[in-house]
Structures are given as structure tokens and as C-alpha cells.
1. What are the pairs with Cβ atoms under 6 angstrom where one residue, in region 49-60, is touching a residue at least 60 places away in the same chain (Cβ under 8 Å) and closer than 15 Å to residue 121 by Cα and the other, located anywhere, is among the aliphatic types (A, V, I, L, M) and in a strand (DSSP E or B)? Sequence gap at least six, or different chains.
2. If you take the residues of region 12-64 that are in a helix (DSSP H, G or I) and hydrophobic (A, V, I, L, M, F, W, C), which of them is surrounded by the fewest Cβ atoms within 10 Å (Cβ to Cβ)?
3. Is there a residue being exposed (fewer than 14 other Cβ atoms within 10 Å of the Cβ), out of contact with any His (no Cβ under 9 Å at 6 or more places or on another chain), under 19 Å from residue 134 (Cβ atoms) and of a type in the set (Gly, Ala, Ser) anywhere in region 102-109?
4. Which numbered condition trips up residue 98, out of (1) in a strand (DSSP E or B); (2) exposed (fewer than 14 other Cβ atoms within 10 Å of the Cβ); (3) out of contact with any Ser or Thr (no Cβ under 9 Å at 6 or more places or on another chain)?
5. Kindly provide the set of residues from region 43-92 that are modelled with pLDDT of 95 or more, farther than 26 Å from residue 12 by Cβ and of a type in the set (Phe, Trp, Tyr), ordered by number.
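The values are calculated or read from the model by the stated rules, or taken from the named source; none is laboratory data. Predicted, not measured: the structure shown is a model, and the values here were computed from it. We place every Cβ from the backbone using ideal geometry, glycine too, and count neighbours over all the protein chains shown.
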Amino acid sequence: MYIHSTKVRVRYGETDQMGYVYYGNYAEYYEVARVEMLRSLGMDYASMERTGVMMPVLELNCKYIKPALYDQEITIKTTVAELPGVRIYFKYELFNEAEELINIGATTLVFVDMVKNKPCLPPEDFMEKMRGFFD
């Protein structure tokens with residue numbers, strides 16, 4: 001299992017008139033968390049795409065528990081609980097500054113060969129880094 005945490009500060013433009021984070025912005029927070037998780041492994045989307053593999057989102061689930069508010073620092077805990085294959089599953093837990101759970105979510109991404117436009121296995125360098133967390 002691989003777990004990574006990152007922080008984001010809620011910007012004014014991400015909120016609605018009530019000062020709550022607009023519901024659609026949670027998908028962007030999940031993306032920030034995924035990108036930072038990959039960076040923590042020494043990987044990034046750009047390097048995968050240069051090798052001919054992209055990772056589109058196949059599914060997104062989101063449950064709102066409490067609102068995130070303007071200027072709060074949100075901690076996003078990202079978990080990959082199973083070794084990736086053609087698909088990779090991410091789970092997210094978002095916490096406010098009081099460490100209260102405010103949102104849970106999940107995304108499923110699929111590794112796609114950009115030339116064939118078909119699902120494929122993850123790049124081997126990515127799998128080498130991930131295997132160490134699942135042995």
C-alpha cells in the first residue's frame with residue numbers, strides 16, 4: 001500500500017457565494033493529489049506521456065461530508081491500496097485544519113498506449129517503484 005499526503009490552500013475563485021468550495025473543484029484537488037503522489041515517487045505525467053503512455057480518468061466518486069472553506073489549508077491523503085495493473089485505483093481523504101474528515105473520494109485511471117489508443121500495462125519504471133510498497 002502506498003500513502004502520500006499533500007496540502008492545498010482553498011483559493012477565493014474555488015468557492016461559491018457562501019464561501020464553500022464549489023463541488024466541481026474536488027476533482028481538481030484529487031488531480032493535484034495524484035500528481036504530487038507521482039512526484040513523490042520520482043515520476044510525473046509528462047514523463048509517462050513521453051514514453052507513450054497516458055492515464056485518463058475512467059471513474060470518479062466523491063462524497064461531501066463537511067464544506068471546505070475559503071483560505072483553509074486542506075490536507076489530501078492519497079492511497080493506492082493495490083498494485084496497479086492496466087488500471088490504477090486512488091482513494092482520497094480530505095481533512096480541514098482541525099483534522100476533521102471533510103470529503104472522501106476515489107478515482108480509477110487506466111494506462112493507455114497513446115499510439116494504439118488501447119489499454120496497456122503501466123511503464124516498467126513506474127511498476128518498479130510501486131512494487132516496493134506491496135511486497
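1. 54/112
2. 46
3. No: zero hits.
4. Unmet condition: (1).
5. Answer for region 43-92, where residues must be modelled with pLDDT of 95 or more, farther than 26 Å from residue 12 by Cβ and of a type in the set (Phe, Trp, Tyr): 89, 90.
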